[in-house]
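The values are calculated or read from the model by the stated rules, or taken from the named source; none is laboratory data. For clarity, every value in this text was computed on a predicted model and none was experimentally measured. Here the Cβ is made from the backbone with ideal geometry for all residues, glycine too, and neighbour counts use every protein chain on show. All accessible areas refer to the heavy atoms of the entire protein, side chains included, with ligands and DNA or RNA removed. Shrake-Rupley method; radii C 1.70, N 1.55, O 1.52, S 1.80 Å.
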Amino acid sequence: MATRTISQEAFEELVKENVDDLGMDPTEALQDAIQTLTLQGVDLSGIVTSVPGDTNPVIDCLDRLKHLRSEPDDHELAVAFNTLHELCSNPNPNANSNSAIATRNGAVELTCSLCSKIPRATGSRELLLSALNALSSLLHDVQSTGTFQRCDGPTIVIGFLADNKQDVEVLSSGFRVVASAATGDEIVKESFMELKVDELVLEILSLHKNKGIQSLYDAVRALLTPDDNRVVASQVYGYARKFAKIGIAEALVDSLSAGLCSPDLVPACTTLKVIAVNDEICKSIAEKGGVDAVLRCINDSGEQGNKAVAKVCCSLLSKLAGSDMNKSEIVGKGGMEKLLTLSCMFSDDPSVLQEVMSIISVLCLRSPENAARAVEAGAGDLAVQAMKKFPAAHQMQRNSCLMIRNLVARNPENRTTLLLNGIEKYIRKAKQTHSNCKDAATDALRDLGLDNYNL
């Protein structure tokens, strides 16, 4: 159903009526109007809900920017943009409502207009950074990103990025805009791809190896995530293939090869995962040394107790293991043993254990040889001990059930081993306790050969 809305003028008139006709004081009149409209299902996003007579800092800031548009002063503009950014971004507790007010009152159009007037190669760096930061905080929904698109925002931002390839701070601010604008908006994603953002990303990855430009990775993931509910068939999978084809996957593998000392390791793993959309790309990543790099990082993360790296590397390895050829390479290079060693290092952390279980499940799928090796390495013991130790960790419990199923589906000998270790009672407990475990637990009990698996 369409959301009911109200104009700023109509809202203010309702508050005024409460004061004039019902004799309420201004604060009471405001609260009554808000309560009445909320009960009627009216969306008040972007409505200034200040007490009559009070000023709103967002509106004041936009008025200041409008004034400076006719009488430009680079430093004063930068100060105003910085204020807007502070009002509309975290940790400001009113960031969401402020950004909605700003966009409803023309902030995106105004900012894009002012950005278009900044000389690309010779403009004030202070002004450019503040404008880009403000713009990234304004783009929070499809209305704001749609306005950004109509104001030629993608072209403006890509131009600044292309002219400032050596400036890490400008790149960071610029890619933050790309990430915000592309999130949830298929049309904006397409615009950036038409502007060859993929080629620009590759060039910048080559120029700034291991510099920790987090927003660049955020931008790539935003471009390659099918998150626009308005479209039936997203084009992002084609974009991912294009990213891989021009060499971005290989550049990301280089970031992994630098190991745990690289600030790019975690974002490179999560980004490589969204690029690996088919068997061909997964195999090419392995051929470029991706499997070796990930296994090395898994080993190092266990030794150094780095949970964040352990989790993202296991998650990436699960994606790469979607290729049967990669499965063989991972197991052949001691991957199964490395994963079980990692589980020992993080035996008190179910969030890591569930990732280990997930990759073991993938490695054992349709592979009795890998299932036998996994149980030999200790996967059965991992399932029993973890399910016993963390009964409330619902996702880990579910992943354990999925792993158990793949360990025993084609390996009758593993069923006996697991049942003798008492796995049945833990699976049944997970099934009874967690709704998301019900199907996985039922399948695991069935594949263990139990007749009463539906109970």
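Please determine whether any residue of segment 422-439 is modelled with pLDDT under 95, open to solvent by 20 Å² or more (accessible area, probe 1.4 Å) and either within 19 Å of I360 (Cβ to Cβ) or charged (D, E, K, R) (or both).
Looking only at segment 422-439, we keep the residues that are modelled with pLDDT under 95, and these are none.
No, there is no match, as no residue in segment 422-439 is modelled with pLDDT under 95, open to solvent by 20 Å² or more (accessible area, probe 1.4 Å) and either within 19 Å of I360 (Cβ to Cβ) or charged (D, E, K, R) (or both).
State yes or no: is V277 surrounded by fewer than 21 Cβ atoms within 10 Å (Cβ to Cβ) and at pLDDT 95 or above? Lay out the reasoning, then the answer.
Values: surrounded by fewer than 21 Cβ atoms within 10 Å (Cβ to Cβ): yes; at pLDDT 95 or above: yes.
So V277 fits the description; yes.
Being more than 21 Å from R104 (Cα to Cα), open to solvent by 40 Å² or more (accessible area, probe 1.4 Å) and of a type in the set (V, I, T), is that true of even one residue in segment 56-63?
Filtering segment 56-63 for residues more than 21 Å from R104 (Cα to Cα) gives none.
No, because not a single residue in segment 56-63 is more than 21 Å from R104 (Cα to Cα), open to solvent by 40 Å² or more (accessible area, probe 1.4 Å) and of a type in the set (V, I, T).
Would you mention how many residues in segment 137-176 are in a helix (DSSP H, G or I) and open to solvent by 10 Å² or more (accessible area, probe 1.4 Å)? Break it down stepwise before answering.
Taking segment 137-176 as the starting set, the residues that turn out to be in a helix (DSSP H, G or I) are 137-138, 142-150, 153-163, 168-176.
Okay, now just the ones that are also open to solvent by 10 Å² or more (accessible area, probe 1.4 Å), so 137, 142-143, 146-147, 149-150, 155-156, 158, 162-163, 168-169, 172, 176.
Adding up the residues that qualify gives 16.
Being surrounded by 18 or more Cβ atoms within 10 Å (Cβ to Cβ) and either at pLDDT below 95 or under 22 Å from L202 (Cβ atoms) (or both) is the filter here, so list the residues in segment 222-249 that pass it. Working first, answer last.
At the first step, the residues of segment 222-249 found to be surrounded by 18 or more Cβ atoms within 10 Å (Cβ to Cβ) are 222-224, 228, 236, 239-240, 243-244, 248-249.
Once the filter is applied, which keeps residues that are surrounded by 18 or more Cβ atoms within 10 Å (Cβ to Cβ) and either at pLDDT below 95 or under 22 Å from L202 (Cβ atoms) (or both), segment 222-249 yields A222, L223, L224, V236, Y239, A240, F243, A244, I248, A249.
Pick from N94, N98, N105, N82: which is in the same structural domain as S136 (by the TED database) and exposed (fewer than 14 other Cβ atoms within 10 Å of the Cβ)? Spell out how you get there, then give the answer.
Working: N98 fails: exposed (fewer than 14 other Cβ atoms within 10 Å of the Cβ); N105 fails: exposed (fewer than 14 other Cβ atoms within 10 Å of the Cβ); N82 fails: exposed (fewer than 14 other Cβ atoms within 10 Å of the Cβ).
Testing whether each residue is in the same structural domain as S136 (by the TED database) and exposed (fewer than 14 other Cβ atoms within 10 Å of the Cβ) leaves just N94.
So which of L216, L256 is open to solvent by less than 10 Å² (accessible area, probe 1.4 Å), at pLDDT below 95 and either not acidic (D, E) or not in a loop (DSSP other than H, G, I, E, B) (or both)? Spell out the reasoning first.
Working: L216 fails: at pLDDT below 95.
When all the criteria are applied, what remains is L256.
Within segment 185-207, how many residues turn out to be outside any helix (DSSP H, G or I) and open to solvent by less than 10 Å² (accessible area, probe 1.4 Å)?
First, pick out the residues of segment 185-207 that are outside any helix (DSSP H, G or I): 185, 195-196.
Imposing the further condition that a residue be open to solvent by less than 10 Å² (accessible area, probe 1.4 Å) reduces the set to 185.
Final tally of qualifying residues: 1.
Regarding A372, is this residue more than 24 Å from S301 (Cβ to Cβ), surrounded by fewer than 22 Cβ atoms within 10 Å (Cβ to Cβ), of a type in the set (A, V, I, L, M, F, W, C) and in contact (Cβ under 8 Å) with a residue 40 or more places away in the chain?
Numbers: more than 24 Å from S301 (Cβ to Cβ): yes; surrounded by fewer than 22 Cβ atoms within 10 Å (Cβ to Cβ): yes; of a type in the set (A, V, I, L, M, F, W, C): yes; in contact (Cβ under 8 Å) with a residue 40 or more places away in the chain: yes.
It is true that A372 is more than 24 Å from S301 (Cβ to Cβ), surrounded by fewer than 22 Cβ atoms within 10 Å (Cβ to Cβ), of a type in the set (A, V, I, L, M, F, W, C) and in contact (Cβ under 8 Å) with a residue 40 or more places away in the chain.
Do we find a residue being touching a helix residue (DSSP H, G or I) at 6+ places or on another chain (Cβ under 7 Å), farther than 21 Å from V291 by Cβ and at pLDDT 95 or above anywhere in segment 327-344?
The initial filter retains those residues of segment 327-344 that are touching a helix residue (DSSP H, G or I) at 6+ places or on another chain (Cβ under 7 Å), namely 327, 329-331, 333, 335-343.
Still in the list and also farther than 21 Å from V291 by Cβ: none.
Looking for residues that are touching a helix residue (DSSP H, G or I) at 6+ places or on another chain (Cβ under 7 Å), farther than 21 Å from V291 by Cβ and at pLDDT 95 or above, one finds none in segment 327-344, hence no.
Hand me the list of helices (runs of 4 or more DSSP H) wholly inside segment 1-101 holding 2 or more residues that are free of Cβ contacts under 8 Å to residues at least 40 places away in the same chain and within 28 Å of the chain's Cα centre (by Cα).
On the way: elements: 8-20, 26-39, 57-70, 74-88.
Filter on segment 1-101 gives 74-88.
Please enumerate the residues belonging to segment 400-421 that are under 14 Å from Q354 (Cα atoms) and open to solvent by 20 Å² or more (accessible area, probe 1.4 Å). Give the derivation first.
Going through segment 400-421, the residues under 14 Å from Q354 (Cα atoms) turn out to be 400-404.
Once the filter is applied, which keeps residues that are under 14 Å from Q354 (Cα atoms) and open to solvent by 20 Å² or more (accessible area, probe 1.4 Å), segment 400-421 yields only L402.
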